[in-house]
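A.B. asks: Take a look at this one; I'll ask things after.
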Amino acid sequence: MGIILFLILGNAAGAQTNDSVFIAGMSDEVLVNSKAYDNLRVLCKTIGGRLAGSPQIYKAETWGVNALKAAGADKVWLQECMVPRWVRGGKDIAWVSYAGAPDKTIKLPLDVLALGNSLGTGAKGVQAPVILIHDFDELEKRKDEIKGKIVFYNHPFNKKFVQTFRAYGEAGPYRWGGPSRAARYGAVAVVIRSMSDATDNYPHTGSTEYDSAYAKIPCAAMGLRDADKLADLLTQGKKIQLYYKSNAHFLPDTIGHNVIGEYTGAESPNEYITVGGHLDSWDPAEGAHDDGTGCVHAIEVLRAMKAVGYRPKHTLRVVLFVNEENGLRGGTQYEAQAAANKEKHLFALESDGGGFTPRGFSFSLQAARLDKLRPWIPLLLPYGIAAFNEGGGGADVTPLNETMGVPVAELQPDGQRYFDIHHTRNDVFENVNKRELELGAISMSGLIYLVDKYGL
């Protein structure tokens, strides 16, 4: 029995050593020859912001096709789907006014961005008294005061949450559901404190969702310094009028595309492992961290495997999803087509947390099953991965899990700076660090290699 146990442990240790050496080889390839940073530079600097249905997203699709071909994909194609066409329509404008010294009105501009999918105000804009609301409980208590006013949701990130995505999840409902809840009681518009704990004044856009039971009122986010200033004035009892003007509107749905590249599997070519990011982004900046980095991460996985001569057992699919930001049509279409074709999908991994230093992966797997994968962590630890967590995968791969039961996961980079940049005009190429970006690609390549070799 002792000899058998020694052989088993010896074989396991040998496999770990071989895997460690192989992943180190991929790391060397990425750190020396990576194309991810250059790919990202081209995407950001020659195309920029890429809302679904915009002229820029079609340029980005061409970029994606070319980048996948250059990475060595055996096959590249566009998967069609219908996407919404929301247009900001120019600069969003807001200011507040209130009585100062006798016979003097003070007027202060606000730095704002219309929330994605929101409707505009019309050419004249909207002007009304502001009411300060800290949370939904207060909204309910003061519902009789809301009619005819502009609701200002001032719900800050919880500073006690070490994980910034937890703070985002708690504050997020005021963006995506707050406008309709205010409209229920007669509000004429909504402004929100941006979903961030940054120290600057950049407003953060992001998608909102209207409840069809209530009026669709205009809504915008403001920078945090402006939010603090406005909250202080209202707390002092100032009677404040807020003016807001937005030309945001929808055009008819149009055609968009997921960009897909394949590296054909050697043993089971009709079984798929997906890795991807979303190609669309909000319009104020270049969509560098959200989610240009995820796209170039995924492309680099394929390129690195080809470069080191690794032929996967199963077919690797790189998918650059369209319309994650304001509709999730690309992820939904990818799952629908996979189900219609009765494809067998083994695993799907997404990068949509920025290009910062990798810290872990979150999985849709339950604890007992995830425990069986944790022996892989030491293989990925040199590149920053210290944890396998429960929590699901990225938004675009989640439909595969919900409908087809496919295990999904998401790269978890260090999130401390992510919400300084997320959905702002500051999400530019210059704010991505080359070394951190490459460590993310290495970590994803290592995980895909292990899943391909050992399964889940």
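The values are calculated or read from the model by the stated rules, or taken from the named source; none is laboratory data. Since this is a predicted model, take the numbers as computed values, not measurements. Cβ: placed from backbone, ideal geometry, glycine included. Neighbour counts: every protein chain shown.
A.B. asks: Say whether the condition of being of a type in the set (A, V, I, L, M, F, W, C), farther than 22 Å from residue 250 by Cα, surrounded by fewer than 17 Cβ atoms within 10 Å (Cβ to Cβ) and assigned by TED's automatic domain parsing to the domain that holds residue 326 is met by at least one residue in the stretch 30-38.
C.D. replies: The answer is yes; a qualifying residue exists.
A.B. asks: Report yes if some residue within the stretch 424-441 is in contact with a strand residue (DSSP E or B) (Cβ under 6 Å, 6 or more places away or on another chain) and of a type in the set (S, T, N, Q); otherwise report no.
C.D. replies: no
A.B. asks: In the stretch 377-393, which residue that is in contact with a Gly (Cβ under 8 Å, 6 or more places away or on another chain) and closer than 12 Å to residue 363 by Cβ is surrounded by the fewest Cβ atoms within 10 Å (Cβ to Cβ)?
C.D. replies: So the residue we want is 387.
Quick grid of which residues meet (1) aliphatic (A, V, I, L, M); (2) within 26 Å of residue 324 (Cα to Cα):
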{"residue": "188", "(1), (2)": "yes, no"}
{"residue": "202", "(1), (2)": "no, yes"}
{"residue": "213", "(1), (2)": "yes, yes"}
{"residue": "219", "(1), (2)": "no, yes"}
{"residue": "232", "(1), (2)": "no, no"}
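A.B. asks: Turning to a different aspect of this structure: Which of the helices (runs of 4 or more DSSP H) found entirely inside the stretch 328-421 contain at least 1 residues meeting this: touching a Leu at 6+ places or on another chain (Cβ under 9 Å)? Don't jump to the end; show me each part of the working.
C.D. replies: Values: elements: 329-340, 367-371, 377-380, 398-404, 418-421.
By residue number, 329-340, 367-371, 377-380, 398-404.
A.B. asks: Can you tell me which residue is nearest to residue 211 (Cα to Cα) among those in the stretch 91-121 that are small (Gly, Ala, Ser) and surrounded by fewer than 12 Cβ atoms within 10 Å (Cβ to Cβ)?
C.D. replies: This residue is 100.
A.B. asks: Spot the failing condition for residue 366; the list is (1) buried (at least 24 other Cβ atoms within 10 Å of the Cβ); (2) modelled with pLDDT under 95, and only one is missed.
C.D. replies: The one condition residue 366 does not meet is (1).
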